[in-house]
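Okay, structure first, notes after.
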Amino acid sequence: RPQVTVLYFARSAELVGLRSESVCVPQRISSLQLWEEIVKIHPRLAVIRDQVVFAVRQEYVLLGDQLLVLQPGDEVAIIPPISGG
């Protein structure tokens, strides 16, 4: 299980109380499963489930069954919707 760095922005950082942390996850995982792994650690994130976009290695990924192949040290950013118009 590679260790990846999860970066939290905006609302996700408020909910978690962190800007970043290291998380061990399966190397081959769908984006939705990755979200579920992170929510297991931080259940409060569940409230933004329908609005979240990931960026994996600085590429946007929607939550779904898209397969990710993660390498140790990869950065996974959790980008909730930007509030305001």
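Hey, among Arg1, Arg19, which residue is in contact with a helix residue (DSSP H, G or I) (Cβ under 7 Å, 6 or more places away or on another chain) and of a type in the set (D, E, K, R)?
Working: Arg1 fails: in contact with a helix residue (DSSP H, G or I) (Cβ under 7 Å, 6 or more places away or on another chain).
Testing whether each residue is in contact with a helix residue (DSSP H, G or I) (Cβ under 7 Å, 6 or more places away or on another chain) and of a type in the set (D, E, K, R) leaves just Arg19.
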*How many residues does the stretch 13-65 contain that are in contact with an Asp or Glu (Cβ under 8 Å, 6 or more places away or on another chain), exposed (fewer than 13 other Cβ atoms within 10 Å of the Cβ) and in a strand (DSSP E or B)?*
0
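Condition first: over 15 Å from Pro2 (Cβ atoms) and open to solvent by 40 Å² or more (accessible area, probe 1.4 Å). Now tell me which residues in the stretch 66-78 satisfy that.
Filtering the stretch 66-78 for residues over 15 Å from Pro2 (Cβ atoms) gives 66, 77-78.
Selection gives Gln66 alone.
The values are calculated or read from the model by the stated rules, or taken from the named source; none is laboratory data. Here the structure is a predicted model, which is why all the values come from computation and not from measurement. When we count neighbours, we look across all protein chains shown, and the Cβ atoms used for this are built from the backbone with ideal geometry, even at glycine. When the accessible area is computed, the model is the full protein with side chains, heavy atoms only, and any ligands, DNA or RNA have been set aside. Shrake-Rupley method; radii C 1.70, N 1.55, O 1.52, S 1.80 Å.
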